[in-house]
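Remarks on the structure that follows.
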Amino acid sequence: MSLFFRLFGGEETSRLSEIREKVQKMLANDRREFDLAMSALMGDVPWDQVSGEIRKLDREVNRLEREIRRRLLVHASVFGAIETPAVLVYMSIVKDIERVGDYAKNLVDLARDGATFTGIPTEEIWRNVWWSQVAELITEGAKAFHAWDGDRCRVLLAQGDELLDLCDARVSAIVRGEDTGEHLVARALALRFVKRVIAHMMNVMTAVVMPMDQLDYFDEDPEDRKDDTGQSSTT
């Protein structure tokens, strides 16, 4: 059963619907912010044509985060300790959703400072992997979270891990001097920002498949998610 149902109760359908829609709106804004930021970084549009909309969307995400948290606090005061775990889960998750927009702002700021990845040898990788696949992870992660689909979340988490590993490999190549292409600093920073977007979306999906004490493990590298027995926390 969804934590939403456990938190609000099946009889309170209007409150349930409201919270679910607020979460989905936050995630939809995240996807739009990310797409706009990447379009500027890839040189498709001037950064100053999208920066204003990105920041407007991000303010809306911040407002929705506050509204959801206020609602959670109200229900915590009504239901008490019985509902504390669910409240803590959603308090954590809405912060991850909010952070995705912050990294979109970081990406558009790189474009503002003169970075553009159009015409570079890895342009297609930036378009097809770091833009398209990550944007799809946001959208598909939102759908899986809304449906409380554990199987789909596990598939997406595995895909996310592959992207995290690829991010690390590309940054390491830059640091070691193996990558001597254009915009080295901008690309390293952009990869780090994209990595954080991926990790925060993965954190959102942990609410569906992980116990509460293991939330936010996807802020860590896969090696650092292993428990004392050497087993990954996702198994």
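The values are calculated or read from the model by the stated rules, or taken from the named source; none is laboratory data. Just so it is clear, the model here is predicted, and its values are computed rather than measured. Cβ sites come from the backbone with ideal geometry, for glycine too, and all protein chains shown count toward neighbours.
Scanning the range 102-119 for residues that are β-branched (Val, Ile, Thr) and either modelled with pLDDT under 95 or buried (at least 17 other Cβ atoms within 10 Å of the Cβ) (or both) returns Val108, Thr116. Reported count of residues in the range 109-123, each being out of contact with any Phe, Trp or Tyr (no Cβ under 7 Å at 6 or more places or on another chain) and closer than 25 Å to Gln49 by Cβ, is 10.
For the range 149-203, the set of residues classified as farther than 25 Å from Val108 by Cβ and touching a Lys or Arg at 6+ places or on another chain (Cβ under 6 Å) is empty. Checking the range 108-121 against the condition returns a match, with at least one residue being more than 21 Å from His200 (Cβ to Cβ) and basic (Lys, Arg).
Condition check for Arg154 on (1) more than 13 Å from the chain's Cα centre (by Cα); (2) in a helix (DSSP H, G or I); (3) farther than 30 Å from Arg69 by Cβ; (4) not hydroxyl-bearing (Ser, Thr, Tyr): one failure, at (3). Taken as a whole, the condition of being farther than 24 Å from Lys95 by Cβ, surrounded by fewer than 17 Cβ atoms within 10 Å (Cβ to Cβ), modelled with pLDDT of 95 or more and of a type in the set (Val, Ile, Thr) does not apply to Val171. Selection over the range 40-72 of residues that are within 18 Å of the chain's Cα centre (by Cα) and closer than 26 Å to Gly119 by Cα gives a count of 1. Here Glu98 qualifies as closer than 15 Å to Phe193 by Cα and at pLDDT 95 or above. One residue alone among Val134, Val209, Val204 is hydrophobic (A, V, I, L, M, F, W, C), under 17 Å from the mean Cα position of the chain (by Cα) and modelled with pLDDT of 95 or more, and that residue is Val134.
Listed residues Leu137, Leu163, Leu184; which is in contact (Cβ under 8 Å) with a residue 40 or more places away in the chain and aliphatic (A, V, I, L, M)? Give the derivation first.
Values: Leu163 fails: in contact (Cβ under 8 Å) with a residue 40 or more places away in the chain; Leu184 fails: in contact (Cβ under 8 Å) with a residue 40 or more places away in the chain.
The conditions single out Leu137.
Put simply, of Trp126, Trp148 the only residue that is farther than 28 Å from Asp48 by Cβ, among the aromatic types (Phe, Trp, Tyr), more than 16 Å from the chain's Cα centre (by Cα) and surrounded by 14 or more Cβ atoms within 10 Å (Cβ to Cβ) is Trp148. If I ask for residues that are surrounded by 16 or more Cβ atoms within 10 Å (Cβ to Cβ), within 18 Å of Val94 (Cβ to Cβ) and at pLDDT below 85, which ones from the range 48-80 would you list? If the condition is that a residue be surrounded by 16 or more Cβ atoms within 10 Å (Cβ to Cβ), within 18 Å of Val94 (Cβ to Cβ) and at pLDDT below 85, then Arg71, Leu72, His75, Ala76 are the ones that fit.
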